[in-house]
Each structure stands twice: as C-alpha cells, then as structure tokens.
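First comes the structure, then the notes that go with it.
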Amino acid sequence: MTFFEFPELFITQIILVVIGVFWLLKRNDEIPLLISSFLLYCGSYRYWAVTTGLSRGWVRLSNFGFSPINEQKALIALSFITFGEFCLLGFYILFQRQYLPAWNIGATPFPLSPKWSQRILWAGGFFISMTLIISSQIITLTRAGRSLGFQISAYLYLFPLALIGTATLILCVWKFGGFRTLFTKIFAILTLISVAQLTFGPSGRFQFLGWLIAAGVIISANYRPVRRLWVLSILAVVAITLFATAGALRSPTINPANLNQVAWERAFSAEDANMLDGFVLLQEVYPDRLPYSLGMEHIEILLRPIPRAIWPNKPVGGYMNKLGLIDENTGFNLGISPTLLGSFYAEGWLIGIVIFSFLYGFCIAKIVHFSVQIHPFAGVLLRAMLCAALVPLLRGGDLPGVYAWIGMAFWPCFFILWLNRQYFFRLPKFAPSAPDHFKSGS
C-alpha cells in the first residue's frame, strides 16, 4: 500500500529541481540543483524508464535470495527517496542562507609562490606513474585469484583516486593564474589528458565523473548565476554521455561502431542509475533480515581505516557481506547502491531519514558557508571537492567505503590547504555584505 502514486512523486521531484534552479539564480549556489537533479534521474526517471519499457527492466538478484522487483515495491521505494530528498533539501536551504559570490578572479590571484604550482604538477606526474604501477600490480593479483574486495588492501586499489584531487588542484591553480609560463601550462594540459585517460573507463567511471563535476564548479567560479546555469547544464549533459559511454564499455561484446548509440540508449534508459532498484532490495533486508543499524554505519566510518591486519575480526561492511551472501571465496564484491537516503533508511526507517537529513543538510550548509569566509582559491577548491564528493555520496551504498573514496580522492587537496593554512584560513574574514568581494569577472 502506497500513500502516493507516481505522478505526485514525479511532480514533487520536478518542483524540487525548479527550486534548485531558483536557488542557483538567487544565491549562486548549485548544491540544491545538483542534489535534486541526481535524485530525479535515479528516482522518478528510473521508474518511468523501466515501467514504459525504455529500460531493460529492474535489477534481478534472485540467485542471492531476493524476490523480483515490481512496480509496487519500486513505488514505495520512490516515496521514501522523494520524502528524504524533500527533507535534505529543506534542511539545507534552512541553514544555508548565504549568497555565494562570483569572485573576481583577476583581483584574487593564486596566493602562493610559483614553486607551489610546479610542485603540484610534479605531484601529478608522480601520482600518474604510481597509478600505472599499482594498476599493473592489482591486475597481477586478481589474475592470481586474489579477491579485490577481501584479499587486496583497500589502500592499494584506492590510491589511484588521488588523480581526482590532483586534477582538481591543477584546474583551480590554472583558474587563479598560478601557471605563468608556457612550460607549466603545457605540463598541466598533458597531466589533465593523462588523468582523463586513466580515469575514463568501465572501472573508473566515478573517478572521471568526480573531477569533471569539480571542473565545472571551478571553471564557472567567476560567472554570474545565469551563465553558471548554462555552463553547468551543458557539462551535466556531457558528463552523463561520457558516463554512459564508459558504462557501455563494460560489455565485452560491444561493437565499437555502435558505441555512441549504445551509450545514448544507456543514458536515456537510466541503466546506470539503478539506485531505485537498490533501495527496493534494501527494504527487503531491513528490518526482516538485519536490524536497523541505528547509527552504526556512520560510526563504522571511523573504524574502516583500521587495517584488517591489525584487527582481523573487524566487522564487514555492506548488507551483502553482513548477510554472508558474498565473501572472499566468491571472487567479487556485489552491491546495488540504494542512494544516500537508502543508507539513512537502513539507520532507522523514516526516523533515520529525517534525523540524518537534518545532520547532512546542516553540515553541507556549514561547509558552503565556510567556503565564502576563506580565501577565494580555498573556497572555490572546497566547493569543487564538495560537489564532486556529493556524486558518490548521493549514490550511496556502503557509507564507510564512500567516505574512504572521498578521503583517498581529495587528500592531496586537503594536504595543500593544510600546509598553507596561514594563507588560506588566517586572513580577515570575507564579509558577504562587502560589495568589493562580490564583483563578478564574467
């Protein structure tokens, strides 16, 4: 039995997207639009694509004991997602009342010496080299029968995520005029091309999507809201297309001549946005097979970094692991992401969704507010990292694993900000009411 039918839920998510557009135009803040657009695509649009036959159908995990997904179950899951989206955006808008400036980049150049620009480029070369070495080693280990999810150190296979932070840093330094010579600009271009090649593929789709979103935030940092809306919308279309293309490459029988057609079909059918399916599967687990975690999944974020070599009996993450449906003998790690709101649901049903929507809305709002009060370079970099991190976070799944993804992706950015905190964080506060700080460069 559902309280709402699909038209009401679909219209609600559309209204939330419109509110996101209004919020961007009114306060130059892209966060509500990013959240509402993502959840619309993997929520109502996914439901519509499957029920109209545009998609191949719901995810099937009957071999793991899950019953088939039907429209009624999906509608219930969509109701929870829409309710959680409403709560998350409502709390965020309640706490984030700050207008975000379109910084005059020319008046706020890169604050560090040229040596730091060169160091960032050399670090990019180092990470690219290490990624090639580590990827080769992981391939060797998996071919030898080692399980990626259980028998290979997460620190090893997550290390290449540092390429996302490196690309984000390079783009931000360039935006603020940190590369002043032809050599450094050529080196930066070659590094970005290398990062794009290494992150674009079936297994690195979210790496590629992460730094592409960060790039959009950085590039449009000095644009006025209307122009930012156009830039971010165009970039979103490009990102979805490339993401679908990378997803199409997962098929070993794909014909290169039909790659573009297959990619467009995947994008329009939301084949890669099956988080609604994941929420349905999650509802079958909680509370019938597993009790609500009551905040333990968030506490596990602090426990996950402890190596299993030190703590052999460390609890496993993800409900598939906890149910014993997969282990090191299966040779793979499976799980259908249920969106971030699904993780809230697993913490405590409807009450969990409300409580954690409040906490996340408050924390994200405070991060955005803080980004306005620090040096513009640090503020733009912080918001770019936040928007990029929201993609895997909104996708949901094993939350400790998601936060590990975010930490390993952006530790180079945090490292640079911390080393130069006297330049970025100890300056006089940028008062939002002061007009001089809000002159737009474009």
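Every number in this text was worked out from the coordinates using simple rules, so none of it is lab data. Owing to the predicted nature of the structure, the values given are computational and were not obtained by experimental measurement. Note: ideal-geometry Cβ built from the backbone for every residue, glycine included; neighbour counts use all protein chains shown.
Assorted remarks:
- Exposure proxy for S220, S293, S113: other Cβ atoms within 10 Å of each Cβ, ordered fewest to most, give S113, S293, S220.
- Taking each residue as 0.36 nm, the span from S136 to L259 lengthens on full extension beyond its C-alpha to C-alpha distance by 41.6 nm.
- The simple Förster model, with R0 at 56 Å and r as the Cβ-Cβ distance, assigns Y423 and I306 a FRET efficiency of 0.95.
- Helix axis angle, 340-373 relative to the chain longest principal axis, alpha carbon, degrees: 0 degrees
- Secondary-structure-derived ellipticity at 222 nm for the chain, considering helices only, amounts to -21500 deg cm²/dmol, per-run term -39500 (n - 2.57) for DSSP H runs with n ≥ 4.
- Point-to-point label distance, L350-R119, nm (Cα→Cβ direction, 7 Å offset): 5.4 nm
- Hypothetical label at R227: residues of segment 104-134 whose amide nitrogen lies under 14 Å (7 Å Cα-Cβ projection): 104-107
- Exposure proxy order (Cβ contacts within 10 Å, fewest to most) of E30, E71, E5: E5, E71, E30
- Nearest-0.05 FRET efficiency for K322 and L158, computed from C-beta distance (R0 22 Å): 0.55
- Note on segment 370-404 and segment 90-143: Cα centroid distance 11 Å, given to the nearest whole angstrom.
- Fewest-first sequence of M408, M296 by Cβ atoms within 10 Å of each Cβ: M296, M408
- Mean-position separation - Cα centroids, segment 346-363 and segment 215-237, in angstrom: 30 Å
- Coil-residue chymotrypsin sites (Phe, Trp or Tyr not before Pro) of segment 1-80, DSSP, other Cβ within 10 Å capped at 10: F3
- Within segment 21-129, the trypsin sites (Lys or Arg not before Pro) that combine a DSSP coil assignment with at most 15 other C-beta atoms in a 10 angstrom radius are R56, R60, R97.
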